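One structure is given below, encoded as structure tokens.
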Amino acid sequence: MRSVEALAPALPAPVLRGRAEVDAAQVPALELFDLRAGYGRVEVLHGVTLSVPTGSVVALMGPNGAGKTTLLNACAGIVPVSSGCVHVAGHHVNGVDPDVLARAGVCSVPEGRGVFPNLTVRENLRVFSHAAGPMAVLEERSYALFPRLGERRHQLAGTLSGGERQMLAMARALTADPVLLLLDEISMGLAPIVVSQMYEKVAELAAGGLSILLVEQFATAALAVADYAAVLRQGRLIALGQPDEVAGSLSDAYLGVLR
């Protein structure tokens with residue numbers, strides 16, 4: 001995985017805090033300061049402050065409608081920020097185009113997989129090969145991480161199982177060799193054993209140094225791999241800390257029954 005410093009050439013000049021620029025080694029991969037964002041006149045996020053330290057996994061949880069996907073999309077430049085700040089590797093990125101952020105290494109796996117159903121597994125990967133070097137290298141990396149995709153390389157994505165489509169969506173995002181990965185509900189619609197397998201891959205990626213912000217409505221699998229956890233409710237952060245600390249404050253009123 002690329003280092004966080006590799007974002008610098010593609011992003012605006014870093015912000016300054018006080019009289020000196022923060023040491024690059026201590027700059028979080030992602031920082032949100034009093035973030036407010038939404039759609040038109042409807043504000044969804046009401047002053048969220050959150051940090052993803054470099055090389056860590058942060059799990060963002062909350063009920064449907066809490067604003068979790070809106071927060072991820074604001075980080076990716078898809079939803080405009082009305083006030084507050086989004087910093088990536090110490091760089092102020094409010095208003096930066098999503099494609100610029102993606103090329104810099106801020107990559108997303110959206111809810112609902114986001115693959116091209118009428119293309120094969122290999123063709124889905126090829127779409128992004130221009131940003132990832134030779135196709136052979138890309139395939140080698142993708143199939144090493146997800147051997148099942150290697151077995152299905154000539155199969156149409158629309159005929160894959162839900163778990164296989166999720167693997168393909170993650171493999172596509174990883175073609176850009178990201179430094180920050182945004183994952184939205186990767187457990188949705190998957191059997192528990194497949195969810196466990198997907199989170200094993202998340203843990204493997206994190207162990208390799210990738211910084212990850214993941215959204216989950218249900219907590220058990222996410223908390224098992226997270227370094228930090230946060231709970232969002234009605235657009236506001238109501239709990240933040242290490243997984244065991246946050247787990248103790250969760251209730252069915254926020255998340256439903258934990259699994």
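Read-outs throughout are calculated quantities, based only on the coordinates presented, and are distinct from any laboratory measurement. Just so you know, these numbers come straight off a predicted model, no measurement behind them. Cβ coordinates were reconstructed from backbone atoms using ideal geometry, including for glycine residues, and neighbour counts include every protein chain displayed.
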- Query: Tell me, how many Å apart are the Cα centres for the stretch 156-180 and for the stretch 35-82?
  - Reply: 23 Å
- Message: Can you tally the net charge around L214? Count Lys and Arg as +1, Asp and Glu as -1, for every other residue whose Cβ sits under 13 Å from the Cβ of L214.
- Response: -3
- Message: To make sure I understand, if each residue's beta carbon is the centre and we count other beta carbons within 10 Å, what order do H87, H92 fall in, fewest to most?
- Response: H92, H87
- How big is the antiparallel share of DSSP beta bridges in the stretch 164-256, given as a percent to the nearest 5? 50 percent
- Query: When Lys and Arg each count +1 and Asp and Glu each count -1, what net charge do the other residues less than 15 Å away from D227, Cβ to Cβ, add up to?
  - Reply: -4
- Sort T49, T69, T175 so that the residue with the fewest other Cβ atoms within 10 Å of its own Cβ comes first and the one with the most comes last. T49, T69, T175
